[in-house]
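Read through the structure below, which is laid out as structure tokens, and then see the notes.
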Amino acid sequence: MSTTPHDQQFSALIVDDNFALREAIARSLARDGWNVATAPDGLKGLEAVRGYAFDAVITDVHMPGRGGLWLWNEALALRPELRGKFVFMSSEPLPEPPSGAVFMVKPLSLATLQSELRRIVRGAEAEVPARQASIEAVGQVT
């Protein structure tokens with residue numbers, strides 16, 4: 001199993017109401033050595049953020065109930081260190097994506113998503129050189 005730089009495992013939360021897409025992204029990242037948690041909407045995503053310090057959050061913009069922009073605002077209030085670690089996905093472009101966030105139009109390329117995530121964690125490593133060597137596995141939030 002390949003991992004990200006320095007053989008450290010990183011964690012990602014994937015929030016999307018589309019089960020098939022959410023699970024495809026989760027499987028792809030897990031194969032690349034990531035610890036992955038998933039949530040079907042912004043409310044469940046926020047529960048996950050409350051309970052775990054993720055290295056990155058990948059979220060759909062438009063979901064029933066609370067969407068990705070709401071999740072971003074609430075998550076940053078709880079964990080300001082998540083600024084710059086969000087990847088937004090949508091089938092239509094955002095007029096003005098949040099500052100420091102990555103925006104990808106669906107259908108998205110898993111290779112491009114993984115490239116963006118590597119860039120995010122490299123930036124985080126530069127900011128915090130001493131990183132915990134092992135990260136506890138996270139499960140699915142339902």
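Miscellaneous remarks
- For segment 92-101, filtering for residues that are of a type in the set (Gly, Ala, Ser) and touching a strand residue (DSSP E or B) at 6+ places or on another chain (Cβ under 7 Å) leaves 1.
- Residue 142 fulfils the conditions (1) modelled with pLDDT under 95; (2) assigned to a helix (DSSP H, G or I); (3) β-branched (Val, Ile, Thr) except for a single criterion, (2).
- Test result for residue 78, more than 11 Å from the chain's Cα centre (by Cα), at pLDDT 95 or above, buried (at least 17 other Cβ atoms within 10 Å of the Cβ) and not hydroxyl-bearing (Ser, Thr, Tyr): no
- Looking across segment 75-109 at every residue that is among the basic types (Lys, Arg) and without any contact (Cβ under 8 Å) to a residue 40 or more places away in the chain, the one that is nearest to residue 26 (Cα to Cα) is identified as 85.
- Check on residue 24, part of a strand (DSSP E or B) and at pLDDT 95 or above: no
- Single unsatisfied condition, residue 91 versus (1) within 13 Å of the chain's Cα centre (by Cα); (2) more than 18 Å from residue 115 (Cα to Cα); (3) of a type in the set (Ser, Thr, Tyr): (1)
- Taking segment 109-139 as the range and being within 18 Å of the chain's Cα centre (by Cα), at pLDDT below 90 and assigned to a loop (DSSP other than H, G, I, E, B) as the test, the residues that pass are 135, 136, 137, 138, 139.
- Selection over segment 30-61 of residues that are free of Cβ contacts under 8 Å to residues at least 60 places away in the same chain, within 20 Å of residue 105 (Cα to Cα) and not small (Gly, Ala, Ser) gives a count of 6.
- Test: residue in segment 70-83 that is assigned to a strand (DSSP E or B) and in contact with a strand residue (DSSP E or B) (Cβ under 9 Å, 6 or more places away or on another chain): no
- Residue count for segment 45-59, restricted to those that are in a loop (DSSP other than H, G, I, E, B), surrounded by fewer than 22 Cβ atoms within 10 Å (Cβ to Cβ) and of a type in the set (Asp, Glu): 0.
- Search result, residues across segment 31-44 that are in a helix (DSSP H, G or I) and either basic (Lys, Arg) or surrounded by 21 or more Cβ atoms within 10 Å (Cβ to Cβ) (or both): 31, 42, 44
- Selection status of residue 13, within 21 Å of residue 83 (Cβ to Cβ) and not in a helix (DSSP H, G or I): yes
The values are calculated or read from the model by the stated rules, or taken from the named source; none is laboratory data. Predicted model only: the values in this text are computed from it and were never measured. Quick reminder, even Gly has a Cβ in these numbers, built from the backbone with ideal geometry, and neighbours come from all protein chains shown.
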